[in-house]
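The values are calculated or read from the model by the stated rules, or taken from the named source; none is laboratory data. What you see is a predicted model, and the numbers here were worked out from it, not measured in a lab. Please note: Cβ atoms are built from the backbone with ideal geometry, for glycine as well, and neighbour counts cover all protein chains shown. What goes into the accessible areas is simple: the full protein's heavy atoms, side chains included, and nothing from ligands, DNA or RNA. Shrake-Rupley method; radii C 1.70, N 1.55, O 1.52, S 1.80 Å.
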Amino acid sequence: LLFCNIDILDEQFNLQKNRFVGVAGGRIDYVGAVKPEKRYEREYDGAGRLLMPGLYNSHTHSPMSLLRGYAENMPLADWLNKRVFPFEAKLEAEDIYNGCLLSIAEMLRFGTVSFTDMYYMGEEVAKAVIESGIKANYSNGVSCFDGSDYRDLPVYENNKRLIKNFHNAADGRFKVDLCIHGEYTSTPKVVAGVAEHAASEGLNTHVHISETKAEHEACKTRHGKTPVEYFRDLGLLDAPATAAHCVWLENDDFDILREKGVTVASCPVSNMKLASGFADVPRMLRKSVRVAIGTDSSASNNNLDMLKEIHAFCVASKGAFRDPEAVSPAQALEAATARGAAAQGRADCGVLKAGAKADLIVLDARAPHMHPAHNMANNVAYAASGGDVLLTMADGRVLYREGEWLTIDIEKAVFNAGESTAAVLKKLNGF
Ligand SMILES: [Zn+2]
């Protein structure tokens, strides 16, 4: 495919007008101002359109689309214990698949090409990811409240099976990470076990860290150290790690995250909606901590629109820390693309340059809210939303184009998600 006469956001998120971008064999093989001599199978007329890197959602729980709008306006503990956990306890394998596929359809619609997921029944997520053409790093959430060894928990066998059957499946589109749900839902023994497993298999890790003040303070009381120190001491951060939230970091936490090369997946909308607080992203960036962006689940957001999340990421940082210079659009766009890709261990992804994997999206640049374009990166970060996405391509394959999902039967996906939701409610309510 050759994108013709299209405006692009380059690696620094500067606008270049009327470019030609060639895609072959899953990669970008040409970027230039003149039409290449090489023939491509198809040409795409880019007039009035903007081509940019595809978006990486660095923290979500994709099957939770079934809980969108189900639990609202309540404290986190009640939200979890009274609404989310009882609902999740009734989910069957096909419900996990249906919820995940609904989320994938939404993500493709809004320009996301890859996501970092944490849930359970990973085989179902793998199936949906592989069929749909999107990419994902997936991990089974590990929790433990007793004295068990990680290797004695059922999830250890699940993880081993998942790694054997699905790690790097579909040409590397699906990767398996290892996960600890959080400090408050685990024991030091289990954390150390997961860290050891990740080291022996060379896998990434994924964990929730310091999402709420209560959780952060309780960890200090229990262990005499912050959650970041706790996970560092148990080896979990020796793997390439993604730490979601990091709202309540203090003192040395920032330096530890930088030294360990941890990527923080900041989820500003979920943190605001659940009233958890504001992650100090400006300080993270000043301290050269790697920062990516996640939506968290549709139960706490309630959408997976990464362009909206980029907007929140910029304005929440400015507002909360009273600094209008904090978090530029270019920093936010880098966090939502190249940083997310790197955190997933996909170093050749998430950038618009020759040689990179073709993870690309096209935005409608003719819409009223995209004019005038004094600075296109500003418009993308502050004025655009997922509804402006016209095309989503992952690894060189077009997966969504102007109202059509090329790999998903969208009516069936929406219908099945509705059926799953109804089935769960029936079990919960007994009628
Ligand atoms: Zn989460």
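Looking at region 324-427, the GluC sites (Glu not before Pro) that sit in a DSSP loop and have at most 15 other Cβ atoms within 10 Å of their own Cβ are 325, 402. Of all aspartates and glutamates in the structure, those lying under 18 Å Cα to Cα from residue 38, and not within fewer than 8 positions of it along the same chain, are 29.
Springs join every pair of Cα atoms under 10 Å in this Gaussian network model of the chain, and among 32, 396, 133 the largest mean-square fluctuation is at 32.
If I model region 327-431 as equal point scatterers sitting on the Cα atoms and use the Debye formula, what is log10 I(q)/I(0) at q = 0.13, 0.15 Å⁻¹? Listed by q, the Debye log ratios stand at -0.69, -0.83. Selection among 25, 15, 71 by position relative to the dipole of region 1-90 gives 71 as farthest towards the positive end (Cβ unit charges, Cα centre). Of interest is the spacing of the C-alpha centroids, which for region 70-114 and region 290-319 amounts to 17 Å.
For region 231-281, the percent of C-alpha pairs falling in each 5 Å distance bin, counted from 0 to the bin holding the largest distance, reads 4, 20, 30, 22, 14, 8, 1.
Take residue 245: with every protein chain present and a 1.4 Å probe, its accessible area is about 0 Å². Within region 117-256, all pairs of alpha-carbon atoms sorted by distance into 5 Å bins from zero give the percentages 2, 11, 21, 22, 18, 13, 8, 4, 1, 0. Note on the chain: semi-axes of the ellipsoid equivalent to its C-alpha gyration tensor, largest first and rounded to whole Å, are 34, 24, 21.
Size check on region 58-173: the Cα extents along the three principal axes, sorted descending, read 41, 38, 24 Å.
Computed about the Cα centre, the dipole magnitude for the chain is approximately 520 debye when only Lys and Arg (+1) and Asp and Glu (-1) carry charge, each at its Cβ.
Taking GluC sites (Glu not before Pro) across region 53-135, the ones in a DSSP loop with at most 14 further Cβ atoms lying within 10 angstrom of their Cβ are 72, 92. Taking every Cα-Cα distance in region 177-252 and sorting them into 10 Å bins from zero, the calculated P(r) comes out as 21, 57, 21, 1 percent.
Given a 1.4 angstrom probe, what's the average accessible area per residue across the chain, in square angstrom? Write out the running numbers ahead of the final one.
Details: 17010 Å² over 431 residues.
Here the residues of the chain average 39 Å² of exposed surface.
Could you tell me what percent of the accessible area of the chain is made up of carbon and sulfur, with a 1.4 Å probe and every protein chain present? Carbon plus sulfur share of accessible area: 49 percent.
Over 32 Å between Cα atoms, which of 17/175; 189/427; 225/427; 127/308; 213/357; 189/260 qualify? List each step's numbers first, then the result.
Working: 17/175 36 Å; 189/427 35 Å; 225/427 42 Å; 127/308 28 Å; 213/357 40 Å; 189/260 21 Å.
Over 32 Å Cα-Cα: 17/175; 189/427; 225/427; 213/357.
Region 144-209: which chymotrypsin sites (Phe, Trp or Tyr not before Pro) are DSSP loop and have at most 10 other beta-carbon atoms within 10 angstrom?
On the way: sites: 145, 150, 156, 166, 174, 184; in loops: 145.
Loop-located and lightly packed - 145.
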